[in-house]
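Got a structure here, written out as structure tokens. Questions coming.
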Amino acid sequence: MAGMHYDIVIVGGGAGGLELAARLGRKLGRKAGKERVLLIDRSSFHIWKPTLHEVAAGTLDTHQEGLSYSILGRANHFSFLLGELDSFDPVAKRLSLKPILAEGGKVLVPERSVTFTWGVLAIGSGSNLFGTPGADQAHLLERTEDAEVFHTRLLAAFMKASFSAEKTMSVAIVGGGATGVELSAELIEAHRELLGSLGSEQRFRLDIAIVEAAPRILGGLPEKISDQATVALERKGVRVHTGAKVVAVHPDRLETSQGDIPADLIVWAAGVKAAPGNTAYGLETNKTNQFVVNDRLETSAPDVWALGDCAAVPWVGTEGKEGSIVPARAQAAHQQASYLAKALIARLGQRRVEAPFVYKDFGSLVSLGENRGVGALMGGLGGPNFFVEGLIAKWAYISLHLDHHRAIMGTPKTIVLALARLLQQRVAGRLKLH
Ligand SMILES: Cc1cc2nc3c(=O)[nH]c(=O)nc-3n(C[C@H](O)[C@H](O)[C@H](O)COP(=O)(O)OP(=O)(O)OC[C@H]3O[C@@H](n4cnc5c(N)ncnc54)[C@H](O)[C@@H]3O)c2cc1C
């Protein structure tokens, strides 16, 4: 088993980990060499997770959107290693990566071991199935591969429906959070684009149902936002079932407390839970398998930090939030990456960043497709919240994605990339049908 050593090893190149690697690499790697900062991810390319519903609907193409970690590493002066975390020993400061297998199970790359001086865990989270029978058979939107599999099935179902006698297909989405709402809006857009390319003989209806156990969708956001989103979705023909608990998932239907909902495709987009394997790394974890950290993002082991969805970060400094943890959001991972980059760089200079990590909630935005969005922007400390909708909300939503790109690529490249994508869509259409 080959061994390697790096000063700082970051596991997980998502919304938080990749930004951290880029910031540290630019600061430390440029002069001292790429051996200082290593990023590890189980995927060879990066897709910003909040866009997975677009991958699922086919309105975003991973071949265009995906950014190679190796190329990002070269530009930002960090090293990259492809591999899935297998073991993590915070005392020996050693981790191992699972072997990489070729098709048929043949070992392509054996298990590898890496030692580190400082370790950062940024491995994100998955869905919470709440022990619901059959839920593991539903489609999930945890990884890019999940979204791609869903997209392939969606195209097959579209094809089947357009040549069927019924001329209908149905999708049931469990969970009326941002993921479920945005997915339903994106599916409607994909369907509309598709209809534009079909003859009247082949046109079919798309039925979408959102099933939410709580009394309203977007429960974490202000009531005005859920009301607006419900109206917008219902206008588009989405059936919103609130107060309906999913009892079981069957291949062709959802069994709910309000009766059965038949569906050709079922997506589970409810709940957030970190990987069960997190409990095996000798670090303190909570009941949803997140690493327990303090307000400096330090785990229970010295020289090991955690950030993003996989970390239970105490929410300090905001009135009314004491005792709770920072929500699992891209904007939180983004802020934590900036904080930790500063803290680690200060520590290298034998200094300590005295201020704790304070999450600033800039508000929440939900995309409703067709250049429409809805959300609330926070008006700063103690100030009023601004309700935004329509194009402004959609642009504010897109700016979150651009901020992420700016953090990993810089402003000029982000502008070029955004323009290139816009032109590509103009030429080839927005919907990926292959
Ligand atoms: C469809 C959808 C829409 C969303 N929309 C929004 C939104 O509008 N706004 C918002 O703020 N948040 C949104 N979120 C939540 C947001 O995506 C997450 O909070 C954010 O991505 C968390 O960042 P992270 O770095 O902790 O984890 P991730 O971005 O999930 O990154 C984790 C990384 O770790 C890698 N990894 C995981 N396990 C291993 C392992 N064992 N070994 C090696 N690598 C591993 C993964 O490949 C991945 O690259 C959305 C989520 C989804 C699914």
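Tell me which residues, restricted to region 163-209, are crowded, with 20+ Cβ neighbours inside 10 Å, of a type outside the set (Gly, Ala, Ser) and closer than 13 Å to ASP264 by Cα.
MET169, VAL171, ILE173, LEU206, ILE208
Check region 218-234 and report whether any residue there is of a type in the set (A, V, I, L, M), in contact with a Gly (Cβ under 8 Å, 6 or more places away or on another chain) and surrounded by fewer than 20 Cβ atoms within 10 Å (Cβ to Cβ).
no
Would you point out the residue of region 199-212, among those that are in contact with a helix residue (DSSP H, G or I) (Cβ under 6 Å, 6 or more places away or on another chain) and within 17 Å of ALA157 (Cβ to Cβ), that is modelled with the lowest pLDDT?
This residue is GLN202.
Can we say ALA185 is over 30 Å from ALA301 (Cα atoms), within 13 Å of the ligand (Cβ to nearest atom) and of a type in the set (A, V, I, L, M)?
Answer is yes for this residue.
Can you confirm whether region 19-34 contains a residue that is out of contact with any helix residue (DSSP H, G or I) (no Cβ under 9 Å at 6 or more places or on another chain) and on the phi > 0 side of the Ramachandran plot?
yes
Of the residues SER184, SER164, SER170, SER197, which is of a type in the set (S, T, N, Q) and assigned to a helix (DSSP H, G or I)?
Of SER184, SER164, SER170, SER197, the one residue that is of a type in the set (S, T, N, Q) and assigned to a helix (DSSP H, G or I) is SER184.
Right, another one. What do you reckon, is ALA15 in contact with a helix residue (DSSP H, G or I) (Cβ under 9 Å, 6 or more places away or on another chain), within 19 Å of ALA333 (Cα to Cα) and either polar (S, T, N, Q) or in a loop (DSSP other than H, G, I, E, B) (or both)?
yes
Residue-wise test of (1) more than 17 Å from ALA122 (Cβ to Cβ); (2) within 16 Å of the ligand (Cβ to nearest atom).
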residue: HIS5; (1), (2): yes, no
residue: ALA21; (1), (2): no, yes
residue: LEU39; (1), (2): no, yes
residue: ARG42; (1), (2): no, yes
residue: LYS49; (1), (2): no, yes
residue: LEU60; (1), (2): yes, yes
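Anything in region 62-109 that is without any contact (Cβ under 8 Å) to a residue 60 or more places away in the chain and under 18 Å from LEU417 (Cα atoms)? List them, or say none.
HIS63, SER68, TYR69, SER70, ILE71, GLY73, ARG74
Can you pull out the residues in region 208-229 that are in a helix (DSSP H, G or I) and under 12 Å from ALA178 (Cα atoms)?
ILE225, SER226, ALA229
Something else about it: I need a count of the residues in region 131-157 that are at negative phi and part of a loop (DSSP other than H, G, I, E, B).
Summing the residues that are at negative phi and part of a loop (DSSP other than H, G, I, E, B) in region 131-157 gives 6.
In region 60-79, is there at least one residue being of a type in the set (Gly, Ala, Ser) and under 22 Å from GLU182 (Cβ atoms)?
Among the residues of region 60-79, at least one is of a type in the set (Gly, Ala, Ser) and under 22 Å from GLU182 (Cβ atoms), which makes the answer yes.
For region 345-370, which positions are within 16 Å of the ligand (Cβ to nearest atom) and at negative phi?
Hits for region 345-370 are PHE357, TYR359, LYS360, ASP361, PHE362, SER364, LEU365, VAL366, SER367, LEU368.
Turning to a different aspect of this structure: State all residues of region 103-134 that are of a type in the set (A, V, I, L, M, F, W, C) and more than 16 Å from the ligand (Cβ to nearest atom); if no residue qualifies, say none.
VAL107, LEU108, TRP118, PHE130
The values are calculated or read from the model by the stated rules, or taken from the named source; none is laboratory data. Being a predicted model, the structure only gives us computed values, none of them experimental. Here the Cβ is made from the backbone with ideal geometry for all residues, glycine too, and neighbour counts use every protein chain on show.
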